[in-house]
Amino acid sequence: MPADRESDDTDEITVGSYVYSMDVDEDMPRGELGVVVEVLSASQKRIVEFPSSYKFSLLASKLNVSDFQKGTFVHAVDDDELGIIQGLEEGNLLNVAVKGEERKEKPDRFIRCDIQPGMYVFWSQANADVARGQVGEVLPEVNDEGKVKVAFPRGISWLPAMDLIRADIQAGNYVCRKSPSDDSEEVELGQIVGGLEDGKLKVQFATGEGNFKLSDLICHEMQRGSFVTWTKSDEDIPEGHLGYVVDIRVKKNRLRVKFLSDTWNMKPSDLALHRLQPGRYVLWEKADQDIPRGDIGEVVRLHDAKNMIRVQWPRGGWSIPPHRLAVLPFQKGDSVQWKKSDKDVVEGEVGKVMWVRQDKSNSGDRLFVKFSKGRWAFEPDSLKQCNMNVATLMRVKSTFRRFDRNGDGKLSQEELVAILLQLKGEEPMNDEDYKLLFNSMDKDSDGKVSVQEFLDYIFAEAEPSQSKMLLDGFGQTGLIGFTGEEDEDPDLELHQDIKQEPQVPSEPLQARPSLVVPSIDSERYDEKVSREDWACAMLALGVCRQAALDSYDACQMERPSIRDLASKLNGSGASPEAEDLLAVLQRVKDGALSAVDLSVPDEEVSEERNLAKQTGIEGLLFHLHVQDKPPAAAPDELFAAKLSALELKVLSALTPEELTEAVAAASRSASSLSAVNSWQRARENCSRQVKEIVDSCKSNGEKYTDKSFDVLGDEKAVIFVDKEKRGYGCGMTPPTGWKRASELQADGKLFVDGCEANDINQGRIGDCYLLGSLGTMVGNRKAFLQQVFVAHDWEVGVYGVLFYSEGHFTYTIVDDYLAVDDGGQLLYGKSSSKDEFWVSILEKAFAKHLTCLEQIDGGQPEEAIYSLLGGVNGIYTIRPDRGNPPSFFQKMMHACNCGELLTVVFVCPHSAWSKFGNLGIQYMDRSTWDKLGLQYSHCYSVLRVAEVDGQQLICFRNPWGHGEWKGRWSDASEEWTEELREKLGAKKGDNGQFWMAVEDYVELSQELRFCRTFGPTWQCATQYGRFQEGNITVRAKKDYQKRGGDEMSHKKGDLIEPVGIMQGMFCKGVNLTSGDAGMFLTKNVDLQCMDVFACELSLADVAADAPVILTVMRQNRKTCREFKGGKDGGPNRALNDYHWIHTFVFNCDGERVWKENIYMRSMFTTLDPSKAPYTVYMTCPNGGKRFALCAFAPHGALCLAKKDCTYRQFLDVIYA
């Protein structure tokens, strides 16, 4: 079947096929083309002969079919002449006939032509023999003039390949009719079974054969070889498992799809096309010993026995789980532009992607691109998309034809205006604007615009906003638009707890990256601090007196040291924050800061009142942001905002007009405050509310029942997202009943003999990410539980728990009803001591924070830490240091000294022979993890990193409370000495805690996850925003024929209004062009993003070597409790994914320093203070809930000021 690439289906690797070997073998010629000379069908092998006269017997699954085959049309790289491949010559050379001459050159001297023998094509020009738009079939001949032979209904013609447009439909394709024969809910599927006759194709449908014009047919999106997933699941085909289409059963109206378990006949409407398809270039964003970060591979086929995709990488072929592969924005044959320019590649010139460049080390992270003066290798980041492939060019030409009334292949000014008048939502243009625009395109001043003049203007001269407007009119906005949201498949290779992958910083974050971070054991931190000095220092940092005194008194000692205080007020207790505290306290002692008289009430101190006004306005502004109300509503919302007593008193003294103006001013320009400015507000309100509950319950002689999370009165609302039944993919065990903590243990307590990580034991719900992160927090933050549990009463059964959301501390209050199993025992998380309940209570509070129990079944450890302590998070990749474990160990040690909280997920490298033969393991795969004593893709706490007696060791803990590492340095390992055990406090016993050498750790994981929190010394400025939701109009990018009764059909260019949230594969909408309503595929429409959020970040008194952290914090989708119905009445699906926020940051020199499509709740970057001010632009095509843009610095002052910015101005900046 003619196609734009050769099929890699092993059944089609036949005698005569030109192939590469995907395996790495020192005996086999690297990268050399071979020809299949024999098929050994019994063993699925092929005998391949290479030009160097070697023959090898190779498995067909290990072969990659070349795009160059005998008879393939190719272009010479040097002169672009068209030729046809005659054969394969010795020395890895292709014999190509070009204009009557033979050229024998290496494959990299040719490019596969977009037109190939057997293809159906349209003639884009007109002559005496062939009318414009005629369809014909390409024959396998090229003449001496470089023209191809095409059979048309009225005869044979020799035509230039560049003037031919490949038809959407080709021989053997699966098709459906544009106009269905009836109103049946299931769309009839057919197959092209005959060649062209009088411009028509013979198609076999279930109802019989018929001849159809190409314009009456739609090529189905799924064809033979397509990778698909089943939208349902069962024991034979688990959710998300990949299959590929092997055939069609026309009479049954089914596609035959091969999955791992078997081959099945399936309804097309029950299948979803996967984002990865054969021939697509993919990017390796991770790193391991086989594939360097940034390498580009080509998708070949599905693995025969695993839910993996076989990919050809520069160093060899490996099978990779699909979730680990990112689609490269640029594919073979795509048109691109270089972001820079020089004498060889002029500004605006469009080049064509050829193939991946492979360097001497067999790494391949660059693409060869052919421009008019030659070909060069470029990093993908240095290119920008044009996507002007042949199909795109065909669509642009097709639009030209549709509006070209006189048929001359060009557009008049009147015809061009008719196209642009279709656009909705664009700023209007007047007649003079249209005239200027037209004249700018009409380079030869003939009063007409040709296709080439149009494209030259788009990519070389037009302002970005003009380019988008013009291409939108031609249905091609994607040529310069944002990278679209791909539908990701369920991440089956990871435990459901761990799904999204955060970004990767280069080094651990710290306040002073140029300094060696001292140990917290420094004697300087033992200096004692008085209450007055602490209150004075905190006031200088922007922390109110009451918060300072509460944190001081929480140390429960007469005069705590700096070391003791460094862990209070959300502090990490690490040396960088202790250094900053030491510096501020030294200023207090030197008299540089005014002393605080604690005998004078804070409301009578001007500095305290000024601070309360600033923090109160910030708290009120956040409340208005959450309630989606304007600053004008501030007076009415003042008492609902849950401010501190002093904040409320100060703001109540303002007139309504003064308060409104103050809030509006803060909304326009946000100045920095302490990163913990909301701490006192949350704790004060939580304590007050708990006290009110306790007083009320005791006076009535009753225990507290939380009616907002009522496990007895509305149990299903507490358990399930949809408040009715178990949702899709939920693995939790529902409770049999509920008991109060005091019923489970009459003399129980919240805490027994302090708290430690070994208290934690996971129950029958998938929240290892939460309990693993709790182990890390308890093990590394001695004040953590004291901070989180604000107030409680065991007798009444009420608990106030502190949380963090969108840059602010908040709280929730729960009762003590806990889920139990049929034996009356705790069902979910619990403490190792039956008398202790802090684990169970905190887990329940977290479930309420996320709206229900089902929402905590699966998540990420860094998100759990953020929900309790705030901060930013990311990963450290292991691969660069896998060959040098001590280097990675130093990174871990450095991160710990900087106060970062670490968690780990054990996942083996995708290949490589195991180094753990002493445990009876020959090869690392998922089934062998029990031999190691580890759980695959399960979250573990990192409790300690220690170097003792030359040994570099890491202490981990399994939140199950049992199940430990069995290798070197495990509990029973012979490496231990009694002296070492005593130094590290290592004890025997299966409690889930174990030690591991860094050399083993780097072989058993790929990344280390971290969270960096912010204490009182850090300053923060915040701007709030929301993107438009609802009433968004999208434009169809292609024709689509509905496949089921709940879908809608649309034609390219149709305007569609989505109904509800644009998330996932399908969205409900109304076709404004046809009036039809139904479901449409989100990938088939162009999202119009007219909303722009712009800010300027300025700095003052920030050291040149200090990190400035810019982060986008979004509303946690789980707190929205949104879901969509399952197909065919199946389980509902929680909508917890995030729409992409396209973010761009430019420094004072106009250089772009950050570009990110933010697809998670939060992402961050670090900025150089010397390059301020910075300008931030954000847009979300799909509506993205509320968000906070926060800038943090370890000292100094920051300001985030909003900027007015139209969508066109935004485009002109980001595409400049």
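The values are calculated or read from the model by the stated rules, or taken from the named source; none is laboratory data. Small disclaimer: the values here were computed from a predicted structure and weren't measured. All Cβ positions, glycine included, derive from the backbone under ideal geometry; neighbour counts span all protein chains shown.
Of the residues making up the range 155-212, those that are of a type in the set (V, I, T) and either touching a helix residue (DSSP H, G or I) at 6+ places or on another chain (Cβ under 7 Å) or modelled with pLDDT of 85 or more (or both) are I156, I165, I169, V175, I192, V193, V203, T207. Here the helices (runs of 4 or more DSSP H) wholly within the range 677-793 that include at least 3 residues being of a type in the set (S, T, N, Q) are 679-700, 768-780. Filtered by the rule that a residue be surrounded by 15 or more Cβ atoms within 10 Å (Cβ to Cβ) and either closer than 13 Å to F378 by Cβ or within 26 Å of the chain's Cα centre (by Cα) (or both), the range 334-348 gives D334, S335, V336, Q337, W338, V345.
Residue-by-condition table, conditions (1) of a type in the set (G, A, S); (2) within 15 Å of S1098 (Cβ to Cβ); (3) at pLDDT 85 or above:
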{"site": "W1140", "(1), (2), (3)": "no, no, no"}
{"site": "N1147", "(1), (2), (3)": "no, yes, yes"}
{"site": "G1150", "(1), (2), (3)": "yes, no, yes"}
{"site": "W1154", "(1), (2), (3)": "no, no, yes"}
{"site": "R1161", "(1), (2), (3)": "no, no, yes"}
{"site": "A1172", "(1), (2), (3)": "yes, yes, yes"}
{"site": "Y1177", "(1), (2), (3)": "no, no, yes"}
{"site": "A1188", "(1), (2), (3)": "yes, no, yes"}
{"site": "F1210", "(1), (2), (3)": "no, no, no"}
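For the range 980-994, residues that are more than 40 Å from the chain's Cα centre (by Cα) and in contact (Cβ under 8 Å) with a residue 24 or more places away in the chain total 2.
Screening D597 against (1) surrounded by fewer than 20 Cβ atoms within 10 Å (Cβ to Cβ); (2) under 27 Å from R1012 (Cα atoms) leaves a single unmet condition, (2). All told, K352 meets the bar of being crowded, with 17+ Cβ neighbours inside 10 Å, closer than 18 Å to I111 by Cα and of a type in the set (D, E, K, R). Selection of the range 114-139 for residues being in contact with a Phe, Trp or Tyr (Cβ under 9 Å, 6 or more places away or on another chain), within 15 Å of A171 (Cα to Cα) and either surrounded by fewer than 21 Cβ atoms within 10 Å (Cβ to Cβ) or of a type in the set (V, I, T) (or both) yields I115, P117, V135, E137, V138. Across the range 308-328, the number of residues qualifying as outside any strand (DSSP E or B) and either assigned by TED's automatic domain parsing to the domain that holds Q1006 or out of contact with any strand residue (DSSP E or B) (no Cβ under 6 Å at 6 or more places or on another chain) (or both) comes to 5.
Scanning the range 947-957 for any residue that is under 27 Å from the mean Cα position of the chain (by Cα) and either at negative phi or at pLDDT 90 or above (or both) turns up nothing.
With the condition kept exactly as written, say whether any residue in the range 811-821 is among the aromatic types (F, W, Y), in contact with a Lys or Arg (Cβ under 8 Å, 6 or more places away or on another chain) and not in a loop (DSSP other than H, G, I, E, B). Checked the range 811-821: at least one residue is among the aromatic types (F, W, Y), in contact with a Lys or Arg (Cβ under 8 Å, 6 or more places away or on another chain) and not in a loop (DSSP other than H, G, I, E, B). The selection criterion, being of a type in the set (G, A, S), crowded, with 20+ Cβ neighbours inside 10 Å and out of contact with any helix residue (DSSP H, G or I) (no Cβ under 9 Å at 6 or more places or on another chain), holds for G83.
Do we have G364 as more than 24 Å from the chain's Cα centre (by Cα), of a type in the set (G, A, S) and within 15 Å of Y281 (Cα to Cα) here? It is false that G364 is more than 24 Å from the chain's Cα centre (by Cα), of a type in the set (G, A, S) and within 15 Å of Y281 (Cα to Cα). Tell me, which residue of the range 650-671 that is among the polar types (S, T, N, Q) and out of contact with any strand residue (DSSP E or B) (no Cβ under 6 Å at 6 or more places or on another chain) is nearest to L1198 (Cα to Cα)? Ranking the qualifying residues of the range 650-671, first place goes to S667.
When T263, T229 are checked against the criterion of being closer than 28 Å to G172 by Cβ, surrounded by fewer than 20 Cβ atoms within 10 Å (Cβ to Cβ) and of a type in the set (S, T, N, Q), T263 stands alone in meeting it.
Within the range 984-994, the set of residues being outside any helix (DSSP H, G or I) and either of a type outside the set (F, W, Y) or within 15 Å of D949 (Cα to Cα) (or both) comprises G985, A986, K987, K988, G989, D990, N991, G992, Q993. Of all the listed residues (A612, A578), the sole one being within 40 Å of the chain's Cα centre (by Cα), within 28 Å of T1013 (Cβ to Cβ), free of Cβ contacts under 8 Å to residues at least 60 places away in the same chain and buried (at least 21 other Cβ atoms within 10 Å of the Cβ) is A578. I719 - would you say it is on the phi < 0 side of the Ramachandran plot and under 30 Å from the mean Cα position of the chain (by Cα)? Spelling it out, I719 is indeed on the phi < 0 side of the Ramachandran plot and under 30 Å from the mean Cα position of the chain (by Cα). Close contacts from the range 957-971, counting a first residue that is without any contact (Cβ under 8 Å) to a residue 40 or more places away in the chain and a second that is aliphatic (A, V, I, L, M), with Cβ to Cβ under 7 Å and a gap of 6+ residues or different chains, come to W965/L932; W965/L934; W965/M996; R968/A997; W969/L953; W969/M996; W969/A997.
Yes/no per residue for (1) within 23 Å of Q358 (Cβ to Cβ); (2) buried (at least 18 other Cβ atoms within 10 Å of the Cβ); (3) among the aromatic types (F, W, Y); (4) modelled with pLDDT of 90 or more:
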{"position": "E12", "(1), (2), (3), (4)": "no, no, no, no"}
{"position": "Y18", "(1), (2), (3), (4)": "yes, yes, yes, yes"}
{"position": "L33", "(1), (2), (3), (4)": "yes, yes, no, no"}
{"position": "E38", "(1), (2), (3), (4)": "no, no, no, yes"}
{"position": "K55", "(1), (2), (3), (4)": "no, no, no, no"}
{"position": "L58", "(1), (2), (3), (4)": "yes, yes, no, no"}
{"position": "T72", "(1), (2), (3), (4)": "yes, yes, no, yes"}
{"position": "L93", "(1), (2), (3), (4)": "yes, no, no, no"}
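Taking the range 623-665 as the search range and keeping residues that are in a helix (DSSP H, G or I) and β-branched (V, I, T), which one is farthest from K1185 (Cα to Cα)? Top of the filtered list is V650. Scanning the range 856-884 for residues that are aliphatic (A, V, I, L, M) and in a helix (DSSP H, G or I) yields I856, A864, I865, L868, L869. Considering the range 530-559, the residues that are under 22 Å from A791 (Cβ atoms) and assigned to a loop (DSSP other than H, G, I, E, B) include one that is farthest from the chain's Cα centre (by Cα), namely M557. Within the bounds of the range 561-568, is there any residue that is of a type in the set (K, R), modelled with pLDDT of 90 or more and closer than 11 Å to D533 by Cβ? Checked against the condition, which is being of a type in the set (K, R), modelled with pLDDT of 90 or more and closer than 11 Å to D533 by Cβ, the range 561-568 yields no hits at all.
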